[in-house]
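Structure, as structure tokens:
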Amino acid sequence: MRYEAEVALRAARAASELILHVYAEEFAVEYKAKDDPVTRADREANALIVQHLARAFPGVPVVAEESPADAYAGFAREDTCWFVDPLDGTREFVAKNGEFAVMIGLAEKGRPTVGVIVAPAWGRAFVGVVGEGAWEAAADGSLRPIVVSPCTDVTKARFVVSRSRAPERVAGFVEGLGAAPPRPHGSSGLKGVLIATGEADVYLQPGRAGMRWDACATDALVRAAGGELTDAHGDAIDYKSEDIENSRGMVGTNGKLHRTIVEALEQRRAR
């Protein structure tokens, strides 16, 4: 496994421990904007991860959700960049339903290459290195390979959608494909995990899908496990873009269903 993946996994696990300590306590909830909560766990995990990465990779930009924008100004001019969501699924963290994750992704020349996703409440960790493979990483350091599902029939596909971003509208699209109703789930990272482990076949978010830190680790993990992830128009996400909003949505699949989903979305937009 690449050194970058090892460092990111250690940082994510350290952040996960910090997050679980806060999770077990009473904690205050603030709002950066409407429906955009933030807690002490978000901020402290952010600082911890940024410190880990800066120490191991001095000079490499770290685009992290709770860091001020000037901390990563100019990142788009660099060939290598980290994208960090220290607590993906803060709404779920506040609701205490366990559906939240630590996400650390590495992009090189605008493409995702390493993804680490740790699910604190699940006690599980996942690592993907594009071109090498994807694994569930046990606490003892052992690695179990993970791969996407073999499903090729969209009517039998298992869809996962955002719990908080208009799941009812996406449900109508999914049912129009002849598939079973989608499963709402928190955390972009954990939905990516479900695709990468073959527990689901399609992760669909046709509308705005957060920011680049919500995408990079997921993108790398799904690709490393044999799947595909693009925006909702079928284009690769550009991690060298100065615009870090995922305004064109996100579709992650086992790869075999990807073209079918993207074409169906295009047909819906053309109506």
For segment 56-73, how many residues meet the condition of being of a type outside the set (A, V, I, L, M) and touching a Pro at 6+ places or on another chain (Cβ under 7 Å)?
-> 3
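Table: residues versus (1) in a strand (DSSP E or B); (2) at pLDDT 95 or above; (3) farther than 17 Å from W213 by Cα.
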position: V7; (1), (2), (3): no, yes, yes
position: A14; (1), (2), (3): no, yes, yes
position: V22; (1), (2), (3): no, yes, yes
position: Y31; (1), (2), (3): yes, no, yes
position: A41; (1), (2), (3): no, yes, no
position: N46; (1), (2), (3): no, yes, no
position: I49; (1), (2), (3): no, yes, no
Do you know which residues across segment 189-198 are closer than 19 Å to V102 by Cβ and open to solvent by 10 Å² or more (accessible area, probe 1.4 Å)?
-> T197
Filter segment 140-156 for residues that are among the hydrophobic types (A, V, I, L, M, F, W, C) and either free of Cβ contacts under 8 Å to residues at least 12 places away in the same chain or touching a Leu at 6+ places or on another chain (Cβ under 6 Å) (or both) and give the result.
-> V154
Output the number of the condition that S142 fails; it satisfies all remaining conditions of (1) open to solvent by less than 40 Å² (accessible area, probe 1.4 Å); (2) closer than 28 Å to G255 by Cα.
-> (1)
Scope segment 4-33; condition within 12 Å of P86 (Cα to Cα) and open to solvent by less than 50 Å² (accessible area, probe 1.4 Å); matching residues | A8, A11, A12, A14, A15, S16, L18, I19
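The values are calculated or read from the model by the stated rules, or taken from the named source; none is laboratory data. Keep in mind that what you see is a predicted model, and the values were worked out from it rather than measured. No Cβ is skipped: glycine too gets one built from the backbone with ideal geometry, and neighbour counts run over all protein chains shown. Note: areas computed on protein heavy atoms with side chains; ligands, DNA, RNA excluded. Shrake-Rupley method; radii C 1.70, N 1.55, O 1.52, S 1.80 Å.
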